[in-house]
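Visitor: Have a look at this one.
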Amino acid sequence: MTYIDFYFNVENKFNKIHEILEKEIFRKRKIHISVSDLNVAELLSDFLYTASLTSFLPHMIGNHEERTPVHIDWEHKPLSDDFMVNLKPDIPSSFSRYLRLIEIVSNDEEDKKQARDRLKFYRDRGYEIKLIDATKEI
């Protein structure tokens, strides 16, 4: 069964993704990041290239057969990745095929409302959910 982590009170979603990716790539995880469109994919990709002077997070935009630790895509044709990070406002298709789904929720009221709807959906179906307050993380 898929385990779901909800990071809430996130000030900057891209920073949180970078932090998660650094940990999970080190653990040899494969990660799919579901975004709304090509523009967001390119913004995230640019951010990942420039976010750290001391590390590089290998990633690709789009669903390619090439194996990189991170795939950023808006169409979601599932690959054999371990984790999914959802940046879309709706329930991602095929989320249950992943070991872990990571939802990142900002302080924006509309984002919170959409996240509550997704949380209710997952809870109603019996998924194990971990709520993580980003303001309390060390």
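The values are calculated or read from the model by the stated rules, or taken from the named source; none is laboratory data. Predicted, not measured: the structure shown is a model, and the values here were computed from it. Please note: Cβ atoms are built from the backbone with ideal geometry, for glycine as well, and neighbour counts cover all protein chains shown. When the accessible area is computed, the model is the full protein with side chains, heavy atoms only, and any ligands, DNA or RNA have been set aside. Shrake-Rupley method; radii C 1.70, N 1.55, O 1.52, S 1.80 Å.
Visitor: Compute, for the chain, the length of the dipole vector about the Cα centre, with Cβ point charges of +1 (Lys, Arg) and -1 (Asp, Glu) only. Units Debye, rounded to 20.
Guide: 580
Visitor: Expected output is a single nm value to one decimal: the length gained when fully extending between Tyr127 and Phe26, i.e. 0.36 nm times separation in residues minus the C-alpha distance. What is it? Intermediate values should be presented prior to the final figure.
Guide: Numbers: separation 101, 0.36 × 101 = 36.36 nm, distance 2.63 nm.
Extra length available between Tyr127 and Phe26 comes to 33.7 nm.
Visitor: Counting only heavy atoms of protein chains, what accessible area per residue, in Å², does the chain have with a probe of 1.4 Å?
Guide: 56
Visitor: If you roll a 1.4 Å probe over the chain with all protein chains in place, what percent of the accessible area is carbon or sulfur?
Guide: Answer for the chain: carbon and sulfur cover 51 percent of the accessible area.
Visitor: Could I ask something else about it? Please sort through the DSSP H helices of the chain and keep those with an alpha-carbon extent of at least 15 Å along the long axis and a Kyte-Doolittle average not below -1.0.
Guide: Details: long enough: 13-26 (20 Å, -0.43); 38-50 (18 Å, 0.82); 109-124 (22 Å, -2.44).
Flagged H segments are 13-26, 38-50.
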